[in-house]
Amino acid sequence: MKIIVTSVMVDDQEKARKFYTEKLGFAVKSDVPVGEYKWLTVVSPEDQHSVELLLEPMAFGPAKVYQKQLFDANIPATMFGVDDIGATYEKLLELGVKFKSEPKKMDNVSIAVFDDTCGNLIQIAEQH
């Protein structure tokens, strides 16, 4: 058994598509209309067959409460791995990404947290 899709709830799928592709550099894998919303997934451009991230529409009331409480408590919704956190941080800053925390080393990992503009905090991590 392996993980093939995971999701992050977003308040606007098109805004999320733009952020996750143009700012973070992911590639759209699936874009399938499903009624009012889409099955919209992105993947790492380095591995098109890797785990897909579903940009899931915020259509369920309790999920909105959960997402807001995570955000207000400064808890990231998910984490992405990077090879060089310093370079990634600088690149994303130049692209206008708003960080909640600068890179900091914690044991054998360095982390930073940013706002994805779609209701979530996202953590990036570099393992040492």
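Residues being within 14 Å of Ser30 (Cα to Cα), of a type in the set (A, V, I, L, M) and part of a loop (DSSP other than H, G, I, E, B): count how many of those fall in the stretch 50-77. Selection size over the stretch 50-77: 1. Among the residues in the stretch 104-115, are any open to solvent by less than 30 Å² (accessible area, probe 1.4 Å), at pLDDT 95 or above and more than 15 Å from the chain's Cα centre (by Cα)? Yes, the stretch 104-115 contains a residue that is open to solvent by less than 30 Å² (accessible area, probe 1.4 Å), at pLDDT 95 or above and more than 15 Å from the chain's Cα centre (by Cα).
Note on the stretch 1-14: residues that are of a type in the set (D, E, K, R) and open to solvent by less than 80 Å² (accessible area, probe 1.4 Å) amount to 1.
Taking the stretch 30-43 as the range and being in contact with a Leu (Cβ under 9 Å, 6 or more places away or on another chain) and either among the acidic types (Asp, Glu) or touching a residue at least 12 places away in the same chain (Cβ under 8 Å) (or both) as the test, the residues that pass are Ser30, Asp31, Lys38, Trp39, Leu40, Thr41, Val42, Val43. In this structure, does Pro45 turn out to be open to solvent by 50 Å² or more (accessible area, probe 1.4 Å), under 24 Å from Ile4 (Cβ atoms), touching a strand residue (DSSP E or B) at 6+ places or on another chain (Cβ under 8 Å) and outside any helix (DSSP H, G or I)? For Pro45, the condition - open to solvent by 50 Å² or more (accessible area, probe 1.4 Å), under 24 Å from Ile4 (Cβ atoms), touching a strand residue (DSSP E or B) at 6+ places or on another chain (Cβ under 8 Å) and outside any helix (DSSP H, G or I) - is met. For beta carbons closer than 8 Å, sequence separation of 6+ or different chains, a first residue in the stretch 62-89 that is under 21 Å from His128 (Cβ atoms) and a second that is open to solvent by less than 70 Å² (accessible area, probe 1.4 Å) and assigned to a helix (DSSP H, G or I), the qualifying pairs are Pro76/Leu70; Val82/Thr88. Looking at the stretch 19-37, which of the residues that are in contact with a Ser or Thr (Cβ under 9 Å, 6 or more places away or on another chain) and closer than 14 Å to Cys118 by Cβ is most open to solvent (accessible area, probe 1.4 Å)? Of everything passing the filter in the stretch 19-37, Lys23 is most open to solvent (accessible area, probe 1.4 Å). Checked against the criterion of being modelled with pLDDT of 95 or more and farther than 26 Å from Ile3 by Cβ, the stretch 71-78 has at least one qualifying residue.
The values are calculated or read from the model by the stated rules, or taken from the named source; none is laboratory data. Only a predicted model underlies this, so the values are computations on that prediction, with no experimental measurement involved. Positions of Cβ are backbone-derived with ideal geometry, glycine not excepted, and every protein chain shown enters the neighbour counts. Keep in mind that these areas ignore ligands, DNA and RNA; they rest on the heavy atoms of the full protein, side chains included. Shrake-Rupley method; radii C 1.70, N 1.55, O 1.52, S 1.80 Å.
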